[in-house]
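See below for the structure under consideration.
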Amino acid sequence: MTGWTKLDDPSPQLLQQAAANFGLLASTMRLHIVWVLSQGEADVGTLAERVGGTLQAVSQHLAKLKLAGIVSNRREGRRQVYEVEDPHVANLVRLMVAKLDPQAPGGEVVRLLRSSGA
């Protein structure tokens, strides 16, 4: 491939961490939560409504995502407000959804990449 430089392979530990993070996103509900949060911050009630889960289930998923460093939260009065910790994770989720559905938000990026031959 032209235009690419050879990179050193990641360490086994780094690959293990990456696989664990992808594993967390393999849950449909957690992926949906990250998708919603990629569009902006939200509280547990809003997330539960958007993803079709109970408050308890969404809270448990958020705890796992927070422990992995994928989401963070802050207190706003009596509410806990969550957001995606790393914009790269939000972009990754958006790109995957757009790859599978070019009409989805962010699909224009995938269409541009396809048309450029990338």
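The values are calculated or read from the model by the stated rules, or taken from the named source; none is laboratory data. None of these values were measured; they are calculated from a predicted model. Glycine gets a Cβ as well: all are built from the backbone with ideal geometry, and neighbour counts include every protein chain shown.
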Tell me which residues, restricted to the range 30-45, are closer than 24 Å to Ala98 by Cβ and surrounded by 16 or more Cβ atoms within 10 Å (Cβ to Cβ).
Arg30, Leu31, His32, Ile33, Val34, Trp35, Val36, Leu37, Ser38, Glu41, Ala42
Any residue at all in the range 20-28 that's part of a loop (DSSP other than H, G, I, E, B) and within 16 Å of Glu85 (Cβ to Cβ)?
yes
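Yes/no per residue for (1) in contact with a strand residue (DSSP E or B) (Cβ under 7 Å, 6 or more places away or on another chain); (2) of a type in the set (S, T, N, Q):
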site	(1), (2)
Asp9	no, no
Pro12	no, no
Ser27	no, yes
Gly40	no, no
Asp43	yes, no
Residue that is modelled with the highest pLDDT, among those in the range 26-59 that are within 16 Å of His88 (Cα to Cα) and small (Gly, Ala, Ser):
Gly40
Does the range 67-97 hold any residues that are touching a residue at least 12 places away in the same chain (Cβ under 8 Å), of a type in the set (Lys, Arg) and farther than 14 Å from Ala42 by Cβ, and which are they?
Arg94
Per the filter on the range 78-97, residues closer than 16 Å to Val36 by Cα and either part of a loop (DSSP other than H, G, I, E, B) or modelled with pLDDT under 85 (or both) are Glu85, Asp86
Could you look through the range 53-63, keep only residues that are of a type outside the set (Ser, Thr, Tyr) and over 21 Å from Met96 (Cα atoms), and pick out the one that is surrounded by the most Cβ atoms within 10 Å (Cβ to Cβ)?
Val58
State whether one or more residues within the range 55-67 are part of a helix (DSSP H, G or I), touching a strand residue (DSSP E or B) at 6+ places or on another chain (Cβ under 7 Å) and of a type in the set (Lys, Arg).
yes
Looking at the range 1-58, which of the residues that are under 19 Å from the mean Cα position of the chain (by Cα) and among the charged types (D, E, K, R) is nearest to Gly77 (Cα to Cα)?
Asp43
